[in-house]
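The values are calculated or read from the model by the stated rules, or taken from the named source; none is laboratory data. Predicted model, so just to flag it, every value in this text is computed and none were measured. Positions of Cβ are generated from backbone atoms using ideal geometry, with glycine treated the same way; all protein chains shown enter the neighbour counts. Heads up: the accessible areas ignore ligands, DNA and RNA and are worked out on the full protein's heavy atoms, side chains in. Shrake-Rupley method; radii C 1.70, N 1.55, O 1.52, S 1.80 Å.
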Amino acid sequence: MSARLEVANIFRRHAEAYRQAHDGRLGRVERRVMSAIELCRTAELGGHVEGCRSCGVIRVAYNSCRNRHCPKCQGQASRDWLAAREDDLLPVAYFHVVFTLPAQIAAIAFQNKAAVYTILFKTVAETLRTIAVDPKHLGAEIGLIAVLHSWGQNLHYHPHIHCIVPGGGLSPDGMRWISCRPGFFLPVRVLSRLFRRLFLEELRTAYEAGKLSFFGNLAELAAPATFNRKLAEVRRVDWVVYAKPPFGGPRQVLAYLGRYTHRVAIA
């Protein structure tokens, strides 16, 4: 039986020709990933020798590249993450909440990933905790698990955050548990509007601090007047927030997210 074909086999056979054919379009990051996958579990990365004292069998085990884009690596790290998160679960109802950036903002995020992803995590957490602690809604201090997805099912760039949130939290004095209504966590329309406001405020602050860069088809956003018009445009758009009890329970959602925490689309 022939050995299973792997991405590494394809890269080792064709990567050099691909790099030459697309020399002007491949960046340093892409080249580094390709190289890591090519060298993964080969003598180039070193390794160790395992031997059995009883039967004398010797096996050479080469080191992995540990690159998160490599389909063979990070599997154990993902399983460890999942086990740790399952240990965090409380014996209460949970909700699956998703915050999605509109296409206009996603384009900015693509050129400013570190800055925008930081804003995204910060404003998602602040939105959930602010609305949850409001006595008009839940009136409790909540916790959450948040995982970034930067692509959709069609593998197009589509940044959004998945949250696993317990259906309740601690009272302001920290002495009792406050549960949400059965099947209902927080109003998504209220979450959406606060998320939009907080995110755009943080994005403007980052712009004014010179933390955002624009090039290519977004180069015109470097002009303050154009950037302000873009913010005004997305302020009139409804930002999508999803919040429902997970169909298969929180462990099912964690298992789904666990496939993404240490691996990426190529896997």
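Annotations
Results for (1) in contact with a strand residue (DSSP E or B) (Cβ under 6 Å, 6 or more places away or on another chain); (2) surrounded by fewer than 16 Cβ atoms within 10 Å (Cβ to Cβ), shown as yes or no for each residue.
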| residue | (1), (2) |
| --- | --- |
| Phe95 | yes, no |
| Ile131 | no, no |
| Leu144 | yes, no |
| Leu170 | yes, yes |
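- Residue within segment 167-182 that is in the same structural domain as Leu89 (by the TED database), among the hydroxyl-bearing types (Ser, Thr, Tyr), over 15 Å from Thr100 (Cβ atoms) and touching a residue at least 60 places away in the same chain (Cβ under 8 Å) present: yes
- Any hit, segment 114-128, residues being of a type in the set (Lys, Arg), open to solvent by 40 Å² or more (accessible area, probe 1.4 Å) and either modelled with pLDDT under 95 or over 21 Å from Tyr207 (Cβ atoms) (or both): no
- Test for Ala243: is it at negative phi and in contact (Cβ under 8 Å) with a residue 12 or more places away in the chain: yes
- Scanning segment 231-261 for residues that are open to solvent by 50 Å² or more (accessible area, probe 1.4 Å) and either at pLDDT below 80 or of a type in the set (D, E, K, R) (or both) yields a count of 10.
- Listed conditions (1) over 26 Å from Arg85 (Cα atoms); (2) surrounded by 17 or more Cβ atoms within 10 Å (Cβ to Cβ); (3) at pLDDT below 95 are all met by Gly216, apart from (2).
- When segment 60-93 is filtered for residues that are within 28 Å of Val29 (Cβ to Cβ) and open to solvent by 80 Å² or more (accessible area, probe 1.4 Å), the ones remaining, listed by number, are Tyr62, Arg66, Arg68, Lys72, Gln76, Arg79, Asp80.
- The listed residues are Val97, Val133, and the only one of them that is in the same structural domain as Arg85 (by the TED database), β-branched (Val, Ile, Thr), in contact (Cβ under 8 Å) with a residue 12 or more places away in the chain and within 29 Å of Glu233 (Cα to Cα) turns out to be Val97.
- Looking across segment 132-143 at every residue that is out of contact with any helix residue (DSSP H, G or I) (no Cβ under 6 Å at 6 or more places or on another chain) and closer than 17 Å to His96 by Cβ, the one that is modelled with the highest pLDDT is identified as Ala132.
- For Ala209, the stated conditions do not hold, so it cannot be described as of a type in the set (Gly, Ala, Ser) and open to solvent by less than 10 Å² (accessible area, probe 1.4 Å).
- Positions within segment 24-59 being loosely packed, with under 10 Cβ neighbours inside 10 Å, more than 29 Å from the chain's Cα centre (by Cα) and among the aliphatic types (A, V, I, L, M), in sequence order: Val49, Val57, Ile58
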